[in-house]
Each structure stands twice: as structure tokens, then as C-alpha cells.
Amino acid sequence: MQIIKHIFKYYLLMVAIFFLGRLALFTLYFDKIQESDASIWLTFVYGLRMDTIVASLFLVVPLILLTFSPKFLQKVVEVLLKYYYLVVISFIIYIENATFPFIAQYDVRPNYLFVEYLEYPKEVFGMIFAEYKLELFIAFSMIALFIYYYVKNVKSNLDSIFTTSYLKRVALFIPILAVLFLGVRSSFGHRPANISDAMYSNNRTLNEITKNSIHSIIYAIYINRVHGSDKLVKQYGKMKLDEAYKRVHQTLNITSVDKLSPLRREEKSHFPSENSKNIVIFIQESLGYQFVEAVGGEKGITPSLNRLAKEGILFKDLYSNGTRSVRGLAGLTSGNYSIPGKGVIKRNKSQSDYFTVASLLKPYGYYSMFIYGGESRFDNMKGWYLGNGFDKIIDEEKFENPSFVGTWGVCDEEVVLRANEEFKKLYAKKQKFATVIFSTSNHSPFDFPDGKIELVEGVPKKSVKNAIKYADFAIGRFIEEARKEAYYKDTIFLIAADHNVRVYGDDMVPVDMFHIPGIILGDGVNPMVYDKIATQPDILATALDLIGLDLSYPIMGHSIFSDKKQNISLMQFHNSYALRKDDRVAVIRPNKEPLTFYYKGKHLHPTEHDSELEKDALALVIVLNDMYSKKLYR
């Protein structure tokens, strides 16, 4: 019985910490969950189930030590368990504290992103120490207080357990392990409980509160590393490949007979020219529509973009593929939607022979570059771009004596001035070029040089709004300098965001927060406003249309000048996908029933199932995965 009491005592301690964390989140986000479709109080019931999974897992080690260790190892076991509990409880306290800034940033509990970027310690820890000093102080203070109290007051003496005969302790192992196994499994059914069991409501914020952060992290790692994308896709539903491809061709309005590249087709330019133009794709880090007046956002933050919006093609209802840079980079470089699991920039099978604008234009004599002010090894950008047709990478180490270097690299102004110099040299040699530029300044902790902008009133200097205003300044400086050069008249400029600054909201998929600005500029480009739904593949296809070449490509979108263009977007929000056609949205999630919503007033409203739309969404996910797995996106 003493072993049972010992195990149960630490179980209660762990779930008490989890409960306090959940209660704090419940209170903090009460306004967002109070009108949920399900009882908000059930979050504590379902949450206890998630907490029990984690606590039971942590208690397996103590059970083994307490039941199988002979009496003469008592002192060793006492020391081992003392430090084991110190580490485990400290870890739980840290993760519970880290949950708050993580939800504030990503609007979800810690998941795979929490550990994915630890392979880039310089950038990640630089950002954490710069941006989250108070949060770190609070977390480590709590841990220090716990350690002080535990060491001073909790006795590690296990005499009451080790006086029990060895055979009796061993005999207790199986029944207690069975209880812990049941706790880890948390189900009497055919399948054990998983993350979807926490999602009992249509209110996404309530579902996130119900989850357990440690369980969410472990489950995400398990799915991503053990199962892989093929098994992940099966969790969305089943469909034969032939049907999936047929649906995708219909949904995207693409006709292709190329078995080696099922989406490749011939696209004739609507602006044919014997002297095709260069193309520059300037991808803006985390630039949401809400900061750009030209597309319905706040006034005064992006004067350059607002001015340029009147001088080119403004995409007023443009949507990003996902919520991470790797999704936007691929969307604007390769014209694909987001595949399940890791993004293609970081995946093994897409490191070569994967379609990009560079591989597309190389046969036409184009020289291609990727220009980035940070370290291009981050997110494997360097490997992916060089492996898929790009001729040259210019990143942080290639800038000599830059005037300003922040946590994430050289400031945007330095980047655009360097790009301008490179373009001048290439044009002087009569060398056509295709270039992707990726900004860095609008990223936490929002480093940018002094004296370049008039700071936004009412916010700290190091804030999203000021960082965006500086990024906007750099955009304006770039176009200003380009217009002074001869290459400008022979170049198409695409400016678009990789994703919104923060994708959050109460909706299952916050569609509104995928809204981003997009502009295409160039000599001879007639100003216009395109106010229908568009995607990153669409804006890429439009820019390629404008350079004046007849091309063959698998891009998952169409030029806005084509009658094939569809009024759709596909958005990936963590493990959920939302397919929008006009104002109807189908949402599919792993191991959950698909749902259909009506999009109105920037929110999703539940409506009757549109089974065809839901099947189209599933088909896209299946085809995206199949094309990656079989290297068919080429």
C-alpha cells in the first residue's frame, strides 16, 4: 500500500500543476470561450484525461525502481527518485509557464514547433532572451522556489516502502502498471486516446485549453517522426488516388496528361514578348493585411505599400498557404499548396527535382538567386534553393560591413540595396534573372536600425507595427532605387507576405488571419485592383504570365488574366486544412469528422455538410502528399 500512496501522491502533484495552468488559461481566455457550442466546464474533465496520460507516463520509472530494487539499493533509489522528481516537476512547471507566451504567439498549445527550431540555437535563443525576459524570469523563479521547498521539506526516506518484503513489492508491479497503462491509454476502446479527444468543441480556443502541453508536444513529435506524412494523411480520411486526382484537377481547373507531373500543363502568356522580362519575388516576413491600409488594414503603417498599390496590380483578397515561413516560401517559389507534415523546404524528397521558378526559367537562360539577410541554413533554405535550380545564395555572411545586423540577420534596407547592385551587374551583362528575396526585419524581437522611420505612436519601438513600418520603408527604398536603373523597365516585381504576423482566432481555422497583401509592379503593368480570392500560387502564376513567356508548369493556381482562375484557397492551420470556395469552407482534421462552414463577417459559421466540398478538401491533401512522396511535383 505504501507504494500505491507514493505513486498517487506524485500523480496528484502533477495533475494539480496541470490544473492550475489550465485554470489560468480558462480565466485568461474566458471571453473567447464563454459562447462555445459545448459546456466550457467540460474542459477540466477532458483535460484531466490528457493530464492523466502524461502523469501516468512519468510515474512508470518510479514504479519500476520501487518494486524491483532490492533492499540494499534503498539509498541509491532514494537519491535517484529525489532528483528524478526534481527534474520532472521542474520540467512540468517550465512547460506550463512556456504555454502562455506560446499561445499568445501562435494561438495553440505548444506542439512540434516548440522543438522543431531547437536545431537553430543562435536564432531561437537570441529571440527568446530578447523577447521573453519577464516570462523566463517568472518560470525560473517558480522552478527555484519549488526546488528550494522540495529539498528543504520533502523527505526522500523510503523506509516504509523498503520494509515491505521484496516479493510483495514485485507482486504489486503488475496491478499498478496495469493502472498506469490504463492511465496512459485513457481509453477502454479499440484505440488509445489521442490529441483529438481533447477537441470536444467547435471553439478552437476551448479545445486548446483542454489539451495538455507536454502531451501535445510528444504527440506531435510522434506523428511527425514515427508515422511520417503517409500515415498522417490517412488520419484525414480515405479516398482512392484516381478519384483524388480527378477531384483535384476539377477543383483547380487543371487539365494535364503528364503522368510524371500530374499538374503540369502548357500556359500561354497573355502578354507575349520576344524579349521576356526578369522576375523578382520579394517575400515579406509576417506581413498581415491588418497593417496595410490598401487592403483594408490600419492607416499609417505601410505608406510605401499603399502608394505602390496604386501603381500596379493590387491583390486585395490574397491568402497565404499556411502559418510558417517555409509554407509561404514554397508557395511563392514553387506555386504549391502546403503538404501535410513538414514543409517541402525541409523534407528529404524535395531537395532536388522539385519545381521552382528557377528550374522553370533556367532553360530560357535565366540566372537565379536567393537573397536573404539571415543565415540561409535556417529551415534548410540554402539546401533547398540550391538543390532546386537556384544558381547563387546571398545570405548574411556575404554582406561586407553591414550597417545593422539584428537577431535574425542583416536589416532589410541593406538586403534590397545589395539586390539592386546584383541586378545592375546582371543587366549590364545582358543576363536575364529570376530572384527570390526574403526579408528578416519583421520578426520577433523586431530589430531594426534607428533613424529610418517615424515610430508609430503608442507602441514600443521594438514592436510589430514599427518593424512592419521599417520593412515597408525598405520596400519603398528598393522600388525607388530600382526605378533609377535600366533593368527596371525589363523586370516584373512581385511583393507578397509569407504569412500573417500571427494567425489566431476563435474559429476552428481563422480564415481572416491568412489574409495577406500582394502587389505586382513593373513597367507596362497597368494598375488595377483584383478583389476576388487569390492564393500564393495564383499571384506567382500571374507574375510569370506578365514576363511574356509561354510556359509549362505544375503551379497549383492560375494567372488572374486566365479564364481558368478559380475563386478558391487552401489553408493549412497546424494539422487542420480549410478549403474555401467562394464563401463556403470545408475543414478537415485528423481523426475527426469533416465540417462545413459559411464564411461571413470574417468568421466561420457552422452550416449543413457540403460532402462534395469536404471530399475536395480531402482529395487535395491526399494528392499533395502523393505528389511529394512520388516526386511528381516537377
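Brief remarks on what is shown
- Residue that is farthest from the chain's Cα centre (by Cα) [pool: residues in segment 147-175 that are of a type in the set (Phe, Trp, Tyr) and open to solvent by less than 80 Å² (accessible area, probe 1.4 Å)]: PHE162
- Look at segment 490-515: where a residue is aromatic (Phe, Trp, Tyr) and a partner is part of a loop (DSSP other than H, G, I, E, B) and surrounded by fewer than 23 Cβ atoms within 10 Å (Cβ to Cβ), sitting 6+ places away or on another chain with Cβ atoms under 7 Å, you get TYR504/ASP107.
- Annotation note: Cβ proximity below 8 Å between a residue of segment 422-450 that is farther than 18 Å from GLY328 by Cα and a residue that is hydroxyl-bearing (Ser, Thr, Tyr) and part of a strand (DSSP E or B) (sequence gap 6+ or interchain) occurs for GLU422/THR435; PHE423/THR435; PHE423/THR491; LEU426/TYR367; GLN431/TYR367; LYS432/TYR367; PHE433/TYR367; PHE433/SER368.
- Breaking point among (1) among the β-branched types (Val, Ile, Thr); (2) closer than 19 Å to THR251 by Cα; (3) touching a residue at least 60 places away in the same chain (Cβ under 8 Å), for ILE547: (2)
- Residue list for segment 471-527, restricted to those being acidic (Asp, Glu) and in contact with a helix residue (DSSP H, G or I) (Cβ under 8 Å, 6 or more places away or on another chain): ASP472, GLU481, GLU485, ASP490, ASP498, ASP506, ASP507, ASP523
- Flag for PHE188 being closer than 21 Å to LEU63 by Cα and surrounded by fewer than 16 Cβ atoms within 10 Å (Cβ to Cβ): no
- Residue in segment 370-388 that is modelled with the lowest pLDDT, counting only those that are in contact with a Ser or Thr (Cβ under 8 Å, 6 or more places away or on another chain) and open to solvent by 20 Å² or more (accessible area, probe 1.4 Å): GLY387
- Subset of segment 307-347 [within 19 Å of PHE378 (Cα to Cα) and charged (D, E, K, R)]: ARG324, ARG327, LYS342, LYS346, ARG347
- Residue that is surrounded by fewer than 17 Cβ atoms within 10 Å (Cβ to Cβ) and in contact (Cβ under 8 Å) with a residue 24 or more places away in the chain, where the choices are ALA471, ALA486, ALA482: ALA486
- Within segment 375-404, being polar (S, T, N, Q) and either touching a Lys or Arg at 6+ places or on another chain (Cβ under 8 Å) or without any contact (Cβ under 8 Å) to a residue 12 or more places away in the chain (or both) holds for SER376, ASN380, ASN401.
- LEU23 vs. criteria among the hydrophobic types (A, V, I, L, M, F, W, C), open to solvent by less than 70 Å² (accessible area, probe 1.4 Å) and over 28 Å from SER187 (Cα atoms): no
- Segment 121-146: number of residues that are loosely packed, with under 15 Cβ neighbours inside 10 Å and of a type outside the set (Lys, Arg): 10
- Taking segment 42-99 as the range and being within 28 Å of the chain's Cα centre (by Cα) and among the β-branched types (Val, Ile, Thr) as the test, the residues that pass are THR43, ILE53, VAL54, ILE92, ILE93, ILE95, THR99.
- Subset of segment 405-421 (residues that are without any contact (Cβ under 8 Å) to a residue 60 or more places away in the chain and surrounded by 17 or more Cβ atoms within 10 Å (Cβ to Cβ)): VAL405, GLY406, GLY409, VAL410, GLU414, VAL415, ARG418
- The strands (runs of 3 or more DSSP E) falling completely within segment 531-634 that include 3 or more residues that are open to solvent by less than 20 Å² (accessible area, probe 1.4 Å) map to 568-573, 576-581, 584-588.
- LEU167 without any contact (Cβ under 8 Å) to a residue 24 or more places away in the chain and under 30 Å from GLY373 (Cα atoms): no
- The one condition in (1) of a type in the set (Phe, Trp, Tyr); (2) crowded, with 24+ Cβ neighbours inside 10 Å; (3) out of contact with any Phe, Trp or Tyr (no Cβ under 7 Å at 6 or more places or on another chain) that TYR364 fails to fulfil: (2)
- Those strands (runs of 3 or more DSSP E) of segment 232-351 in which 1 or more residues are open to solvent by 10 Å² or more (accessible area, probe 1.4 Å) and free of Cβ contacts under 8 Å to residues at least 40 places away in the same chain are absent.
- Residues of segment 180-202 classified as within 20 Å of the chain's Cα centre (by Cα) and of a type outside the set (A, V, I, L, M), total: 1
- Total residues in segment 26-62 satisfying the condition of being open to solvent by less than 60 Å² (accessible area, probe 1.4 Å) and touching a residue at least 12 places away in the same chain (Cβ under 8 Å): the figure is 21.
The values are calculated or read from the model by the stated rules, or taken from the named source; none is laboratory data. What you are looking at is a predicted structure, and each value in this text was computed from that prediction instead of being measured. FYI the Cβ positions are ideal-geometry reconstructions off the backbone, even for glycines, and counts take in every protein chain you see. Each accessible area value is taken on the protein alone, full model and side chains, heavy atoms only, with ligands, DNA and RNA left out. Shrake-Rupley method; radii C 1.70, N 1.55, O 1.52, S 1.80 Å.
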